[in-house]
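Here, each number is a calculation from the coordinates, and none is a lab measurement. Not measured: the values here are computed from a predicted model. Glycine also receives a Cβ, built like all others from the backbone with ideal geometry; neighbour counts cover every protein chain displayed.
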Amino acid sequence: MSDHPRIRIVPNGPLVVTNLGELKDEQHADIETRPTIRLCRCGASSSKPFCDGTHARIGFRDEVSPERMKDQRDDYDGADLTIHDNRGICSHAGYCTAGLPAVWSFNEPWIDADGAPADQAVEIIKLCPSGALSFSIDGQESRDRDRPPAVALGKDGPYLVTGGVELEGATWLEGASAEHYTLCRCGASKNKPFCDGSHWYVDFREGEGDPLFPETATAWHKVAELDELTSGEVVSVAVGDLSIALSRVGDTYGALPNHCPHQGGPLAEGTIEDDCLRCPWHGWTFDPISGSANDDHSDGVRPYAVDLRSDGVYVEVTERVKHIRTVSDVMAETMVNWGITQVFGMVGHSNLGLADALRRLEGTEDGQLRYFGVRHEGAAAFAASGYGKLTGQPAACLGIAGPGSTNMLTGLYDAKVDRVPVLALSGQVNTQVLGPGAFQEVDLAAAFAPVARFSQTVLANSDHAELMTLAAKTAIVERDVAHLIFPDEVQTIRAGDGISPSGPQGRVSSVGISPSRETVNAALDRIRNAERPLIVVGYGARPGMSDVIGLAETLRCPVVTTFKAKGQISDRHPLAAGVIGRSGTPIASALMETSDLLIVFGASFSNHTGLDNLKSIIQVDFDRMALGKFHPVDVPVWGEVSTTARLFNESLSEGSWTDQADEIARRWSTWRQTKTLRAAHGAERGVSSAAVFMTLTDAVPADCIIPVDVGNNTYSFGRYFECEQQTVLMSGYLGSIGFSFPAAMGAWAGAGGRKVVSISGDGGFGQYMNEFTTAVKYAMNITHVLLNNNELGKISKEQRAGEWPVWQTSLHNPNFAEYAELCGGMGIRVTKASDLRVALDQALVAEGPSLVEILTDPALI
């Protein structure tokens, strides 16, 4: 007899395996074998993966169903290779559609052999466990690999056979591989003995033991009083992390796992009928004491031991003693090593494995990570964007599959267009059901493709630390959105022995980019020949403002900012000239009009900014695509702002520049007189915006963080509020309503104790007002200033300007101050300007979140 391993199929019974040297469990750990072993394939053994004879008790049948997938091999030709596929063999592991959707999609035809480079497609084909996929290059087919014989248990799935283990008693389909194939072990496949993915649809579970927690101990727990349940009653009781269906039939108590083996239905929500416990989802019935099935189509469940003692009902459960690290642990630890320590999100059924890894990091003694549970995933993305805009470092946002992840897209687009680093983490449905349309299935790779600079699906055999490193590095270096998709079953795969997290050491370089000497000299010639230069700074200049201001002081020229850059130079500085553009001051617009050279740092020439492109322009930016993006400029300079401004300044000692400081001071004096006159208006219909922001200028701390929203309130803020050292955050290029309060939560997480004061209108706050409860929950020291004019005032203004009727801009609002109080925070309502300062002072010193609702006049901005 040959010593080569072989598998013999027993009709309506187990797999008899002989001479197998390697058997791996779901976590790739060795299972001890003998010369002959019997493996369960009915799915019901209590000793899985080994057979315990249950197949005979339940009447297991192994005939092939006429409804099985058609046995047909199709060829898909490309320029460099041909892909062969037989759906009749496929086990629907999902490596192809999840790993390379550009080739394997859910469109028709479903394979595009030219959708990606041939070498990438070949690597994915090599992952196919069932043999459904192979490939040919130059007419030579490649299907099998040189591997030692082995059998491994797929996670709650099939037997994965590799290395040419001989299979007796099977009918091979066209193109099938004898080197690697998948065998059903759930008992539900329509193509027995081969797997066809049915294990997912019947919610097959490994059953005995928990592979993530192999070190366990049993303990008895009191779960009820002796007379707490009446006969015929079933209730749910919790013991640690376990949910148990506790029932009573006569004087006998039973305890079963609180999930039906069919699709996880909660048995405790079922009913006891004729001494049988009926699942509330699909009607399967069980003996509530023994757990055995009472009908032909269901499997039994293993009961917990019950002991009736004098003081109550006790149940014996197996408790976890030691956690074994998972791939989610490795990736979460890598994320923290890269400095991503703040996570905003919602925990749900398709991200629980990842969420548990985050929970463990949050619970460490040194608090490596902070997690904030929000009320809407859109707020999580805006919070991560706000954190990134403040700190320059990424935070993470977390969502489940389907709507949980798509809810994050708006906030992620905000981060993307404003060049802010963010890491998005998405749960996903099990890879085995990707494609047919499972519950909450969305093609997340396609949905996130436009917004994410880096987006990858985490697979079982990924280099998990490296994948997280690439995501984190992309977010930080590219100042963009990175995205990782975590299929449900992959999250809890055991990390291999010796697997360590990665980090940034040796992976990033200095950010300083020095411009070429040629472009520096061209810029210097323009500057030396100018008489009235004007420096314009955008949001991209924030890290280099000290060097930019030093240059301005050498030139004695004004510094104006785009609205996104408001606050990057103090309005108290003698060369500061305020904001240019639609949200700007007459000081900035007048000085631009009289300038003869614009030196632009980190600004993008948005049409809202209104820079005069007829002027002579020097533009400096780290992003080469931003240079001359909308129109040519005279001297485009590729370099980091601080480096370039310092080079300019070091080369400029004297020139014919006009000292414009006195003119700037005169214009500020005139503008402040105008603001004072405007602040006096609005007594009848509400407080004027000028009064609001002039009072706010005097009231808020000089170094506070101010996230603002969009609308008339924001235009007025840009025009009337004068910054000292405050940091202003906004949804710049996207201009998304609702940004300010969620961004304030993110800013608070990165504020380092600085006060956060967010500002919005009633329309913007209404978008995410439920997050006020989040701020209360985490005692966030945020004061929100809410300008309530009971309408979308900016839209009304635009309708009037376009000679449209004002339509559908009125709002029906609650008393927002009372709402804040109901949420557990402080709420103050202001109806007249004379009460503003007292209300703001009270709110600013309050502990935790506070809200000042100001009734304003929509006509006065």
Query - Set of lysines near residue 473 by C-alpha distance (under 21 Å), chain-local residues within fewer than 8 positions excluded - result: 389, 416
Query raised in the report: For region 1-208, how many pairs of lysine residues have a Cα-Cα distance under 16 Å, where the two are 8 or more positions apart or belong to different chains?
Result: 5
Report task. Would you mind estimating how fast region 216-320 diffuses translationally, via Stokes-Einstein at 37 °C and 0.692 mPa s with the Kirkwood radius over Cα pairs, in µm²/s? Result -> 242
Report summary line: Treating every alpha carbon of region 586-728 as one equal point scatterer without solvent, the Debye formula yields log10 I(q)/I(0) values at q = 0.18, 0.22 Å⁻¹ of -1.26, -1.37
Report summary line: Relative contact order as a percentage, region 1-208, C-alpha pairs under 8 Å and 6+ apart, gives 23
**Report entry** Within-9-Å neighbourhood charge of residue 596 [Cβ basis; K, R +1; D, E -1]
**Finding:** +1
Query raised in the report: In Å and whole numbers, how far do the C-alpha atoms of region 684-834 stretch along each principal axis, longest first?
Result: 48, 36, 34
Query raised in the report: Under 15 Å from the Cα of residue 832, which aspartates and glutamates turn up, not counting those fewer than eight places away in the same chain?
Result: 684, 853, 857
Query raised in the report: DSSP loop GluC sites (Glu not before Pro) in region 612-678 with at most 12 other Cβ atoms within 10 Å of their Cβ, which ones?
Result: 654
Requested in this report: Please tell me the relative contact order of the chain in percent, rounded to the nearest whole number, where contacts are Cα pairs under 8 Å and at least six residues apart.
Outcome: 8
Query - Around residue 816: net Lys/Arg minus Asp/Glu count, Cβ-Cβ under 12 Å - result: -3
Report task. Return 173, 840 ranked ascending by Cβ neighbour count within 10 Å, so the fewest neighbours appear first. Result -> 173, 840
Query - Reference-scaled alpha-carbon Rg (2.2 N^0.38 Å with N residues) for the chain - result: 1.15
Query raised in the report: So, in Å, what gap is there between the alpha-carbon centers of region 476-549 and region 592-639?
Result: 20
Query raised in the report: What number, in nm² with one decimal, is the all-direction average of the projected area of the convex hull of the alpha-carbon atoms of region 531-656?
Result: 6.7
Requested in this report: For a footprinting-style exposure proxy, rank 48, 473 by other Cβ within 10 Å, fewest first.
Outcome: 473, 48
Query raised in the report: How are the C-alpha pair distances of region 1-208 spread across 5 Å bins, as whole percents from the shortest bin up?
Result: 1, 7, 15, 20, 19, 15, 11, 7, 4, 1, 0
Requested in this report: Would you order 638, 804, 338 from fewest to most other beta-carbon atoms within 10 Å of each residue's own beta-carbon?
Outcome: 804, 638, 338
Report task. Could you work out the local net charge near residue 529, counting Lys and Arg as +1, Asp and Glu as -1, over the other residues with Cβ closer than 12 Å to its Cβ? Result -> -1
**Report entry** Beta bridges by DSSP in the chain, antiparallel share as percent, to the nearest 5
**Finding:** 50
